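Derivation of every value follows stated rules applied to the coordinates shown; laboratory data play no part. Computed from a prediction, not measured in an experiment: that's the story for all the values here. Please note: Cβ atoms are built from the backbone with ideal geometry, for glycine as well, and neighbour counts cover all protein chains shown.
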Amino acid sequence: MANAETFETICSLIAPINKKGIVVKPETTFAVDLELDSLTVMDLVAEIEDEFDIIMPLNLLPDLETVQQVTDAVEKILAEG
Amino acid sequence: MDLLDKFDATVALRESLPFEKADPFSVVMDELISETEAMIGGRRTILAGTNNYMGMTFNDEAIEAAKKALDDFGTGTTGSRVLNGTYGGHKALEATIADFYGMEHCMVFSTGYQANLGMISALGGKGDYVIIDADSHASIYDGCAMGNASIVRFKHNNVEQMERRLKRLPEDVGKLVVVEGMYSMLGDAAPLKELLEVAKKYGCMTLVDEAHSMGFCGENGRGIAEELGVEHLADFIVGTFSKSVGTVGGFAVSNHPKFDVLRFVSRPYIFTASLPPSVVASATASINAIKRGGNRRAHLWENARQLHGGLKEAGFKMCTETAESPIIAVHLPDPMMGTRFWEQLLMEGVYVNMAAPPATPAGMFLMRVSVCAQHTSEQVNEIIKRFRITAQKVGLELNI
């Protein structure tokens, strides 16, 4: 996995809000598996933005359901940066 | 497939709350005794959750003006502002507000919600960025969703977080920073000077929503930007008639030379009927009264401080250290306690707002009290006393 490092970093940001302590995999979803409400997801996005020093517009969120999709989005923004 | 099935979780949540005698989402005011009292369920009730900050809903001049407009112009305009819905009164109201703010231009919308919707959706186009506070009102989020700009969100009232984001944005794009002067749930004020200065440093245009600060902040009651002397840093100020002004409607003011073009591109302005002449007349009279309302402002702040001090002394967990606004919010530990507290307080004859997620930040459960300039200090004492009695009856532990 080329973006393993990005994935790991995102997982570490998810850890504090992973209340049920489930194992986070690429296909893990935020709404269903992690049971995060939309406000918590938006706060997570802020953490990701600061960690990677990027901007993730809120408009992207509806298309990002899994941790893998977020990882890909982050990498894409970094590549365009 | 039943399209309403997706709301089953909402229905379940509502049904899980232990309301027995009343329900905060189905309160009916059968009779208004004054700005500060109503009959609810046959009980004389002190109104302490109506956003009627300046107590203008029964202002003599506003009522007289509305009655005259009804007689002279009828019950409604039956049309859009850009077709048949602009009467002399609408232009006079816009001139009154522009003069009140000392600005060149004003647009009046049919609600405060539409003012934010109409401004933000029109200003934030494709390729532009709109930068908003995380705790923004739904009308700001909806304005963002309706436009085509990219939306960037920063942590509530956090200047440093906002700056970090502005730094990452491209230099040569359109950028609009949207903030509120006062946040409606906790009643906390924005560090407007710092926010606007940073926004300007990064070449952003700025929009300040003074919905919950107009009327009582600043020497003339224009809002927090006036109070802090930073109105020159706001490109657009948005406000509402449904709080301090005591009726319904919204507005935006600006000195921008091209401002009037928004009348032709802002869909929430165009595709709805304009305000009825009576509403327009009472808003005009009310704003003129607010301008001269220094005494009311002073009494409102006294009430806010008295209520905040009294509840704090009683041991309630306050959401702000001091009274930053006429919105005094009390923290309750969980939905069950919140529900029982709200219900019992109503039985004691005090109406406040029960505020729960997602309307509140960070999953907070609040009793949101808003005081009115027309509350007497005896009424404020009565509210404090009934809060204490309610806490005792529902077994809420106080911090004494």
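For region B:60-291, calculate the relative contact order in percent as a whole number, restricting contacts to Cα pairs under 8 Å that are 6 or more residues apart.
On the way: 488 pairs, mean separation 74.4, N = 232.
Relative contact order comes out at 32 percent.
Give me a single rounded figure for B:156-169: the average over its residues of other chain Cβ atoms within 10 Å of their Cβ.
Counting Cβ atoms of other protein chains within 10 Å of each residue's Cβ and averaging gives 2.
Could you size up the charge dipole of the protein assembly as shown around its Cα centre, putting +1 on the beta carbon of Lys and Arg and -1 on that of Asp and Glu, and report it in debye to the nearest 20?
About 1120 debye.
Of the residues B:Phe154, B:Phe264, B:Phe251, which exhibits the maximal mean-square fluctuation in a Gaussian network model of chain B defined by a 10 Å Cα contact cut-off?
B:Phe264
Quick one: if you stick a label point 7 Å off each Cα along the C-beta vector at B:Asn84 and B:Lys67, how many nm between them?
2.9 nm
Taking θ = phi - 60°, what integer Hz values does the Karplus form 6.51 cos²θ - 1.76 cosθ + 1.60 yield along region B:147-156, in sequence order, with x for Gly and Pro?
x, 10, 6, 7, 9, 10, 10, 10, 4, 3
For B:Phe316, what residues show an amide H to amide H distance below 5 Å, using hydrogens built from the backbone and excluding near sequence neighbours?
B:Asn399
Report the label-to-label distance for B:Val261 and B:Val173 in nanometres (one decimal), using points 7 Å from each Cα along the Cα→Cβ vector.
2.1 nm
Mind listing the long-range amide H neighbours of B:Ser80? Cut-off is under 5 Å, sequence gap 5 or more, other chains count too, H placed in the peptide plane at 1.01 Å from N.
Here the answer is B:Gly85, B:Ser274, since their amide H atoms fall under 5 Å of that of B:Ser80.
When the helices in chain A are scored as -39500 (n - 2.57) per DSSP H run of 4 or longer and the sum is shared across all residues, what 222 nm value do you end up with, to the nearest 500 deg cm²/dmol?
Calculated from helices alone, the mean residue ellipticity at 222 nm is -15500 deg cm²/dmol.
Measure out, as a whole number of angstrom, how far apart the alpha-carbon centroids of region B:255-286 and region B:59-115 sit.
Their Cα centres are 8 Å away from one another.
Based on DSSP H runs of at least 4 residues, each adding -39500 (n - 2.57), what is the mean residue ellipticity at 222 nm of chain B after dividing by all its residues, to the nearest 500 deg cm²/dmol?
Taken over chain B, the calculation gives -12000 deg cm²/dmol.
Could you pull out every residue, at least 5 positions away or on a different chain, whose amide H is within less than 5 Å of the one on B:Val27? Hs are placed 1.01 Å off N in the peptide plane, and Pro or chain starts have none.
Residues meeting the criterion, in which the H sits 1.01 Å from N, do not exist here.
Using only Cα atoms, tell me the angle between helix B:192-201 and the longest principal axis of chain B; keep it within 0 to 90° and round to the nearest 10.
30 degrees
Which distance in Å, rounded to a whole number, links the C-alpha centroids of region B:305-355 and region B:362-400?
4 Å
Suppose R0 equals 30 Å; then what is the FRET efficiency for B:His232 and B:Glu321 from their Cβ-Cβ distance, rounded to the nearest 0.05?
Details: r = 30 Å, r/R0 = 0.98.
Once rounded, the FRET efficiency stands at 0.50.
Calculate how many DSSP beta bridges within chain B are antiparallel, expressed in % of all such bridges and rounded to the nearest 5.
DSSP beta bridges in chain B are roughly 60 percent antiparallel.
Taking the Cβ of B:Gly102 as the centre, find all other residues whose Cβ is under 10 Å away and add up their charges (Lys, Arg: +1; Asp, Glu: -1).
After counting each charged neighbour, the total is -3.
Who wins for biggest fluctuation among B:Gly112, B:Gly88, B:Gly174 in a Gaussian network model of chain B, springs between alpha carbons below 10 Å?
Maximum among the listed residues: B:Gly88.
Relative to the present Cα-Cα distance, how much length would full extension add between B:Asp8 and B:Phe271 at 0.36 nm per residue of separation?
Computed gain between B:Asp8 and B:Phe271 is 91.4 nm.
Once Lys and Arg get +1 and Asp and Glu get -1 on their Cβ, which of B:Pro170, B:Leu311, B:Asn59 lies farthest toward the positive end of the dipole of chain B?
Among B:Pro170, B:Leu311, B:Asn59, the one farthest towards the positive end of the dipole of chain B is B:Pro170.
Which FRET efficiency, nearest 0.05, do A:Ser12 and B:Ile400 yield, Cβ-Cβ r, R0 51 Å? Let's see the in-between values first.
Numbers: r = 42 Å, r/R0 = 0.83.
In this case the efficiency is close to 0.75.
For chain B, set up a GNM with springs between Cα atoms under 10 Å and report which of B:Ile389, B:Ile328, B:Ile140 has the largest fluctuation.
B:Ile389
Note down the relative contact order for region B:179-306 as a percent, whole number, built from C-alpha pairs under 8 angstrom at least six residues apart.
Once normalised by length, the contact order is 20 percent.
Rounded to whole Hz and in sequence order, give me ³J(HN,Hα) for region B:277-285 from the Karplus expression 6.51 cos²θ - 1.76 cosθ + 1.60, θ = phi - 60°, writing x for Gly and Pro.
After applying 6.51 cos²θ - 1.76 cosθ + 1.60, I find x, 5, 5, 4, 5, 6, 4, 4, 5 Hz.
What per residue convex hull volume, in Å³, do the alpha-carbon atoms of the protein assembly as shown yield?
About 168 Å³ per residue, rounded to a whole number.
In terms of the ratio Rg/(2.2 N^0.38 Å) built on C-alpha atoms, what value belongs to region B:60-291?
0.99
How far apart, in nm, are two points set 7 Å out from the Cα along the Cα-to-Cβ line at B:Phe58 and at B:Asp128?
4.4 nm
Evaluate the relative contact order of chain B (contact order divided by residue number), counting alpha-carbon pairs under 8 angstrom at least 6 apart; express in whole percent.
Relative contact order of chain B: 23 percent.
Apply the Karplus curve 6.51 cos²θ - 1.76 cosθ + 1.60, θ = phi - 60°, to the phi angles in region A:50-60 and return the couplings in whole Hz, x for Gly and Pro.
Values, residue by residue: 6, 4, 9, 6, 10, 10, 10, x, 4, 4, 6 Hz.
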